[in-house]
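Heads up, the thing below is written out as structure tokens.
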Amino acid sequence: MTLPRQLIVTVDNDVNIGNVTRAIRMLRGVTSIKPAKRTAAEKPRLYDPETGKYLNNSTMKAIEDARKGKGIAFTGSFEEFKKWADEI
């Protein structure tokens, strides 16, 4: 009896995993397919089409912090914020 072998397939984020899974299932000898779980270090990242690259971890952290309202340096009214932003 021979031991089963494994094949690791890496795809881009824009690839439909379901299509890849169906295609691999059609191959002779495939006994099981298990998608890998993402670790905390492998969070999804935004893609910049102008550069063709993904944003780095520090940029993603700044975006996540801004979405959560962390590290906001300005406090005051909207009019004060608009004036402050126009000065920059």
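Computed values, structure above
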quantity	calculated
Derived scalar couplings ³J(HN,Hα) [the range 62-79; Karplus, 6.51 cos²θ - 1.76 cosθ + 1.60; whole Hz; x for Gly, Pro]	4, 5, 4, 5, 5, 5, 8, x, 8, x, 6, 8, 10, 10, x, 7, 5, 4
Residue with peak Gaussian network fluctuation, the chain [Cα springs, cutoff 10 Å], from Ile63, Ile17, Ile72	Ile72
Reachable lysines from Lys83, criterion Cα separation under 23 angstrom, eight or more residues apart if same chain	Lys70
Computed Rg/Rh of the chain, alpha carbon atoms with Kirkwood Rh	1.24
Area of Lys83 that stays accessible when all protein chains are in place (1.4 Å probe, Å², to 10)	130
Among 21-34, 44-57, the order from most to least packed when residues are scored by Cβ within 10 Å on average	44-57, 21-34
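The values are calculated or read from the model by the stated rules, or taken from the named source; none is laboratory data. For clarity, every value in this text was computed on a predicted model and none was experimentally measured. When we count neighbours, we look across all protein chains shown, and the Cβ atoms used for this are built from the backbone with ideal geometry, even at glycine. These accessible areas exclude ligands, DNA and RNA; they are computed on the full protein's heavy atoms, side chains included. Shrake-Rupley method; radii C 1.70, N 1.55, O 1.52, S 1.80 Å.
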